[in-house]
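**Q** Please see the structure below; I have some questions.
The values are calculated or read from the model by the stated rules, or taken from the named source; none is laboratory data. Note that the structure is a prediction, hence the values are computed from the model and not measured. Note that we place each Cβ from the backbone using ideal geometry, even for glycine, and neighbour counts take in every protein chain shown.
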Amino acid sequence: MLETIRPKKRTLYLYLLLPLIIYVFTVFVPLVTALFYSFFEWKGGPEKAFNGVSNYIQLYNDATFWKAFGNNIYLVVACLVGQIGIAFFLVLLVNSRQARLKSIHRTFGFFPSTISAVCIGMIWAMVYHNKYGILNWFLTTVGRPDLCEVWLNDTQHIMLIVTIPLIWQFIGYYMVIIFSAVASIDSEVFESAEIDGANAFQTAMRITLPLIKNTMLVCVTLCIAGNMKAFDNIYTMTRGGPGTASMVMAMYGYKISFEQSNMGYGSSISVGIFVLSLLVIGGSQWLVKRITRQVEV
């Protein structure tokens, strides 16, 4: 019976051909094109002049780019803890016996992830508004007007300020992924741990986390990839300011390419983002695997 419904290899290849073509033209072709243009001094017009690796030398010495890279790393670390860490904790709470209305928690937790990043940025820009924002209103209401600030002009804390909306938006997204992994664990495993006297923390770290390590690795990869190309929320809230305090790599590449019409150097920035993202993702995967091995031991 299985032989009669199994498609031929040629049919499978035909079905895969169109998605493969789309993937190649949306991922590999732009990457190769960016790599090609990164070796030219090009302002976007028909004329371009080959300048070898001059753009990469400039990129290596570009303090703004490396500051933007540092801001991306800040986002990655903060969101790994804030998005995945909080999501894992909330999943354990919702899956506990004392929790009620679990489906409602899942639905409302995931809701912020369905909102456009631009809308999230606009909403939180209003929250942070120095005159009409709910944050300053709340501080004034509780009798602490001395804590009110022009939040989006706070150079010292601006990265924390723009990271909070990113964490808030995607906690529910990772909750759904972790929920599905935890649900696949046999309940008898947790019952046996409870009989053996394991507390909630020991169960989470010694049983749940090792059993869903592959899912957590996927979450880590998605989180790093998303935050290494962060753009929409921050652009909506601060445009990279004040100054370059909240500048991230994707925004810097956008400004160089389209606002300054320096397509050649902008292409080298794109290649730099790609290479650095691969290095950060690869390093994080190695680190997570090493940590999970130690947890298992």
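**Q** Test PHE110 against the criterion of being modelled with pLDDT of 95 or more, at negative phi, in contact with a Gly (Cβ under 9 Å, 6 or more places away or on another chain) and buried (at least 16 other Cβ atoms within 10 Å of the Cβ), and give yes or no.
**A** For PHE110, the condition - modelled with pLDDT of 95 or more, at negative phi, in contact with a Gly (Cβ under 9 Å, 6 or more places away or on another chain) and buried (at least 16 other Cβ atoms within 10 Å of the Cβ) - is not met.
**Q** Separate question: Out of LEU17, LEU59, LEU75, LEU35, report the one residue that is assigned to a helix (DSSP H, G or I) and under 25 Å from CYS223 (Cα atoms).
**A** Working: LEU17 fails: under 25 Å from CYS223 (Cα atoms); LEU59 fails: under 25 Å from CYS223 (Cα atoms); LEU35 fails: under 25 Å from CYS223 (Cα atoms).
Unique residue meeting the criteria: LEU75.
**Q** Given the structure, is GLY226 surrounded by fewer than 17 Cβ atoms within 10 Å (Cβ to Cβ), small (Gly, Ala, Ser) and touching a residue at least 24 places away in the same chain (Cβ under 8 Å)? Steps first, please.
**A** Numbers: surrounded by fewer than 17 Cβ atoms within 10 Å (Cβ to Cβ): yes; small (Gly, Ala, Ser): yes; touching a residue at least 24 places away in the same chain (Cβ under 8 Å): yes.
Yes, satisfied.
**Q** Shifting gears a bit: Among all residue pairs at least 6 apart or on different chains, which show Cβ distances below 6 Å where the first residue, located in the stretch 30-50, is free of Cβ contacts under 8 Å to residues at least 60 places away in the same chain and the second is assigned to a strand (DSSP E or B)?
**A** Going by the 6 Å Cβ cut-off, the qualifying pairs are ALA49/GLU41; PHE50/PHE40.
**Q** Can you name every residue in the stretch 49-93 that is in contact with a Gly (Cβ under 7 Å, 6 or more places away or on another chain) and not hydrophobic (A, V, I, L, M, F, W, C)?
**A** Listed by number, the list holds a single entry, ASN55.
**Q** Could you give me the residue pairs with C-beta distances under 6 Å whose first residue belongs to the stretch 113-134 and is over 18 Å from LEU166 (Cβ atoms) and without any contact (Cβ under 8 Å) to a residue 40 or more places away in the chain, whose second residue is among the hydrophobic types (A, V, I, L, M, F, W, C) and outside any helix (DSSP H, G or I) wherever it lies, and which are 6+ apart or on separate chains?
**A** ASN130/VAL150
**Q** Restricting to the stretch 151-182, what's the tally of residues that are among the hydroxyl-bearing types (Ser, Thr, Tyr) and surrounded by 18 or more Cβ atoms within 10 Å (Cβ to Cβ)?
**A** Final tally of qualifying residues: 3.
**Q** Now, a different point. Return the only residue of TYR235, TYR174, TYR252 being part of a helix (DSSP H, G or I), touching a Ser or Thr at 6+ places or on another chain (Cβ under 8 Å) and either over 23 Å from GLN285 (Cα atoms) or at pLDDT 90 or above (or both).
**A** Numbers: TYR235 fails: touching a Ser or Thr at 6+ places or on another chain (Cβ under 8 Å); TYR174 fails: touching a Ser or Thr at 6+ places or on another chain (Cβ under 8 Å).
Just a single option satisfies the conditions, and that option is TYR252.
**Q** So which of ALA49, ALA87 ends up being under 30 Å from ALA204 (Cβ atoms) and outside any loop (DSSP other than H, G, I, E, B)? I'd like the intermediate steps shown before the answer.
**A** Details: ALA49 fails: under 30 Å from ALA204 (Cβ atoms).
Exactly one of ALA49, ALA87 is under 30 Å from ALA204 (Cβ atoms) and outside any loop (DSSP other than H, G, I, E, B), namely ALA87.
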